[in-house]
1. Could you tell me the relative contact order of the chain? Use alpha-carbon pairs under 8 Å, at least six residues apart, and round to a whole percent.
2. Leaving out ligands and nucleic acids, and using a 1.4 Å probe, what accessible area per residue does the chain come to in Å²?
3. Taking the Cα centre of the range 1-53 as origin and charging only Cβ (+1 Lys, Arg; -1 Asp, Glu), how large is the dipole, in debye to the nearest 20?
4. Take peptides 140-146, 127-133, 83-89 and line them up by average Cβ neighbours within 10 Å, highest first, as a rough protection proxy.
5. In what sequence, highest mean first, do 95-103, 53-61, 66-74 appear when ranked by Cβ atoms within 10 angstrom?
6. Between the helical axis of 64-73 and the dominant principal axis of the chain, each derived from Cα atoms, what acute angle in degrees is found, rounded to the nearest 10?
7. In the chain, if the dipole is taken from +1 on Lys/Arg beta carbons and -1 on Asp/Glu beta carbons about the Cα centre, which of C58, V22, I79 is farthest to the positive end?
8. Starting at 0 and stepping by 10 Å, how many percent of the alpha carbon pairs of the range 68-190 end up in each bin?
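The values are calculated or read from the model by the stated rules, or taken from the named source; none is laboratory data. Quantities reported herein were computed from a predicted structural model and do not represent experimental measurements. Every residue, glycine among them, receives a Cβ derived from its backbone with ideal geometry; neighbour counts consider all protein chains shown. We work out accessible area using only protein heavy atoms, side chains counted, and drop any ligands, DNA or RNA first. Shrake-Rupley method; radii C 1.70, N 1.55, O 1.52, S 1.80 Å.
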Amino acid sequence: MNVVAIYGSPRRGGNSDVMLDVFLSPVQPTDTIIRIIPSEMKFSQCKGCRACEKTGVCVIDDEIKTVSNHLLQADRVIISAPIFFYGFPSALKALIDRSQVLWSRKYLLKEDLKPKMGFLLAIGATQGKKLFEGVILTSRFYFDGFNCKYQGEVVFRGFDKKAEIKNCQACLEEIKKAAQNFFYSENTIK
């Protein structure tokens, strides 16, 4: 199994990193995990030039081309991120925007992209009722753009201190259970 794990936080070792590391724990040693950290990559934001709509190739030559190749070959994709103003951190959002090229290949150029499954992990400091609505919607459409079926999410409110999720055993167990189901249940990719 090819697994792409996207670490969406600009801060290493924080709550969303801990969540993703726990989520990846059931992955077998024979499987491949590609870890992507947008905040540590060098890439430009989408220009909105729409060239990819005709060619299926982005005109910007940077690290996103490698990310796109990993996404196309993946069997499972997981995003983990903290919430910044009810959305994703900027580097992660820029990476998502640059996936317009994959959407163009699927929907405009009608390429038959490999089916895969996606999952979201998110955590925020506030207790806002609609705290995760934006990132869930963005994740659904992002995944759809490269033929990745959204399988769900695990989200937590009220965590602000770095890596404090480690102190919530019930949270960690919920993450492990969701991961086991995501990686090894009878889910089918359509």
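1. RCO, the chain: 28 percent.
2. I get 51 Å² per residue for the chain.
3. That gives a dipole near 280 debye.
4. 140-146, 83-89, 127-133
5. Order by mean packing, descending: 95-103, 66-74, 53-61.
6. The two axes meet at around 80 degrees.
7. Of the candidates, C58 comes out farthest on the positive side.
8. 12, 41, 34, 12, 1
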